[in-house]
Each structure stands twice: as C-alpha cells, then as structure tokens.
Amino acid sequence: MKILILNGPNLNLQGRRDPEVYGTETFEEFLERLRAGFQGVEFGYFQSNVEGELIDALQRAEGHYDGVVLNAGGYTHTSVALRDAVAAVSVPVVEVHISSILAREEFRHVSLLAPVVKGSIMGFGLDSYRLGAEALLGGCGKR
C-alpha cells in the first residue's frame, strides 16, 4: 500500500506556528513516527504553499498511490480549483485537519473539499493523519 500525504500552505511551519493550536512536534518528526507505526506501508510526502503545485501533486498521485491524506490548510475554505482536482482523480482522498475547523473562526467552518473526499477527520492533532491512513487502509477508498 502506498499513501501520499499532501500538505498545503503553512504546514511547513508545523511545530513553530501557533503551538497552542497545532502543537510543537514538527511534521518531519511526526512523519518518522507515522512510518514506524505502519510497517509495510510506503508513505510519500509533499508540501507546498502554492495551490497549483498541490493540484499537480494530486493529479500525479493517480496510478502511483493507493490513497491520499490531504490537509489543504487554508485552501480548504477557498480553493474551487483544488476541490475540482479532488473530484477529478480516481485515487481516494481523505481530508484531515490538525485542529477542528468547526471550533475555529467562522470562515473556517466550511470545507469546499468535504463533498468530494471519502471522509474528513479533524481535531485530533497530528494523529488526524494516522486516522486518515487507517481509513484508507480499512478500505474507505474502495468504490
């Protein structure tokens, strides 16, 4: 099984940005733990602050990955283009968020991605990524 973790804007600052919301562990530290906890699963990782690069990475995932765990960051609430890309690919996508978008500012309450992903996981800190991977491994991606 191959899973791509795709992170959007500002997630390169994980561990430094708003630690009271996002925690202090860097994403690289977490990814090492995640890989160790899923023997036999190959995790790819890509992060970009650029919307088009995220769309390109998602489109490249087809035929190379069995699923995508996507944290689109702020693009969750604004990017019709990213939403359309998720809808267009056949690879299953699970949306994750470190914090609960429903417990944040009102403008964060709506996910443009939610209607086109297999499911959404939020509010469990970095563990949201593990839960997303488990959902993919459990067959949520089967049609």
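None of the figures in this text is laboratory data; all of them are computed from the coordinates on show. Just so it is clear, the structure is predicted and the values come from calculations on it, not from any experiment. For neighbour counting, all protein chains shown are included, and Cβ atoms are generated from backbone atoms with ideal geometry for every residue, glycine included.
Relative contact order for the stretch 82-143: 41 percent, from Cα pairs under 8 Å spaced at least 6 residues apart, divided by residue count.
Computed from backbone phi, the HN-Hα couplings of the stretch 51-65 come to 3, x, 5, 5, 5, 4, 5, 5, 5, 5, 5, 4, x, 10, 10 Hz, rounded to whole numbers (Karplus: 6.51 cos²θ - 1.76 cosθ + 1.60, θ = phi - 60°; Gly and Pro given as x). Rounded to the nearest Hz, the phi-derived 3J(HN,Hα) couplings of the stretch 67-83 under the Karplus curve 6.51 cos²θ - 1.76 cosθ + 1.60 (θ = phi - 60°) are x, 10, 9, 10, 10, 7, x, x, 5, 3, 9, 10, 9, 5, 5, 5, 4, where x marks glycine and proline. The relative contact order of the stretch 20-103, computed from alpha carbon pairs under 8 Å that lie at least 6 residues apart in sequence, is 31 percent.
About its Cα centre, the dipole of the stretch 74-125 is roughly 80 debye, where the only charges are +1 on Lys and Arg Cβ and -1 on Asp and Glu Cβ. Simple point charges give the picture: +1 on the Cβ of Lys and Arg, -1 on the Cβ of Asp and Glu, and for the stretch 32-106 a dipole about the Cα centre of about 200 debye. Between THR24, VAL117, THR76, the Cα set farthest toward the positive side of the dipole of the chain (charges on each charged residue's Cβ, about the Cα centre) is that of VAL117. So I have [x] 7.6; [y] 11.3; [z] 8.8, and one of them is mean projected area of the Cα convex hull in nm² calculated from this model. Which one is it? Structure-derived value, by its label: [x]. The H on the amide N of GLY44, modeled in the peptide plane, is under 5 Å from the matching H of ILE3, LEU4, ILE5, each at least 5 residues off or on a different chain. Any idea what the relative contact order of the chain is, in percent, if you count C-alpha pairs under 8 Å spaced at least 6 apart? So the answer I get is 26 percent.
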